[in-house]
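The values are calculated or read from the model by the stated rules, or taken from the named source; none is laboratory data. Values in this document were obtained by computation on a predicted structure and should not be read as measured data. Every residue, glycine as well, gets a Cβ built from its backbone with ideal geometry; the counts of neighbours run over all protein chains shown. Ligands, DNA and RNA are excluded from the accessible area calculation, which covers all protein heavy atoms including side chains. Shrake-Rupley method; radii C 1.70, N 1.55, O 1.52, S 1.80 Å.
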Amino acid sequence: MPGGLACAARRAKAKRDYGPVISTAPGPLHSNLRKSIIKGMRITGIIGRLLLIGALAICAGLVWVNRDALFHEVSITLPPSNSRAAFDRWLDEGPDRAERYARFSAFLSQEGVADVIEPWQLSQLDAYVAERCETDVFAIPPEDLWPNIVPALRLVRDEVIPAVGPVTVLSSWRNPQTNACAGGAPRSNHLEFAALDLATQPRRVDVSLYRDLCAMHDAAGRASRMGLGAYYDPVEGEYSGGRFHIDARGYRDWGRRYTSASSPCGAFD
């Protein structure tokens, strides 16, 4: 069959089998369609990026609003370095630590306060402060200071635990160097092993904790000589991760700015 006729026959067969042959050469309609698709893809990409940016902005806003609680949750939650196992390892690393701790535990038993809080907790420092100040998490206070903590422990047993439940120690004794590094008051009762920074166990971090503490402090009255540091700000509505301070060095209360004016207790009256 001549070449021209053969080509015509093949085109006819293709038309029968597959329908009309559509030219793939770019024409006006094809070009406009391609441009519309590309434009749509670009718009979709821009919208997607805007949505992602918006979501990130919302997350950043939530973190900022809750920055104080988040920070303190991270900084004062007891990490493994403040565990009983870590304390036992620390005891083993010093030649006379175990013997001194045994004497300290016996002293607390003699005073009738060994079961208020596990004695090993009274040897610990806030892990965040220890890391920042490059010091040990644990330190057994000097023996001549041991009697100073007894009145505070009695307040914890008789007043604090009945009001808010079991507690755990976040920080107790601090030497002058660590106290200065931590930003403590120059005459802080922690220097004399006469004060405890505490949190409830399990941890309470809402405003009701501070309301209960203030009511407890008010009910205990001046005769108790209880010092209460309630680190909650009623104006900003923020709290310090459930942290509070107890001592028996004089009846008073204070808040997050370490002044009586910043105490939240007046707001709960």
* Listed residues VAL150, VAL137; which is within 25 Å of ASP96 (Cα to Cα), touching a residue at least 24 places away in the same chain (Cβ under 8 Å) and in contact with an Asp or Glu (Cβ under 6 Å, 6 or more places away or on another chain)? -> VAL150
* To do: List every residue pair whose Cβ atoms lie under 6 Å apart, where the two residues are 6 or more positions apart in sequence or sit on different chains, the first residue falls within segment 186-204 and is small (Gly, Ala, Ser), and the second residue, located anywhere, is at pLDDT 95 or above and open to solvent by 40 Å² or more (accessible area, probe 1.4 Å).
  => ALA194/ASN148; ALA194/ARG249
* To do: Consider VAL129 carefully, then state whether it is open to solvent by less than 40 Å² (accessible area, probe 1.4 Å), within 19 Å of GLY241 (Cα to Cα) and either part of a strand (DSSP E or B) or of a type outside the set (Gly, Ala, Ser) (or both).
  => yes
* Quick one: what pairs do we get from segment 209-224, first residue within 13 Å of ARG252 (Cα to Cα), second among the acidic types (Asp, Glu) and at pLDDT below 95, C-beta under 9 Å, 6+ apart or different chains? -> CYS214/ASP269; ASP218/ASP269
* Say we look at segment 99-121 and pick out the residues that are open to solvent by 40 Å² or more (accessible area, probe 1.4 Å) and among the aliphatic types (A, V, I, L, M); which of these is farthest from the chain's Cα centre (by Cα)? -> ALA106
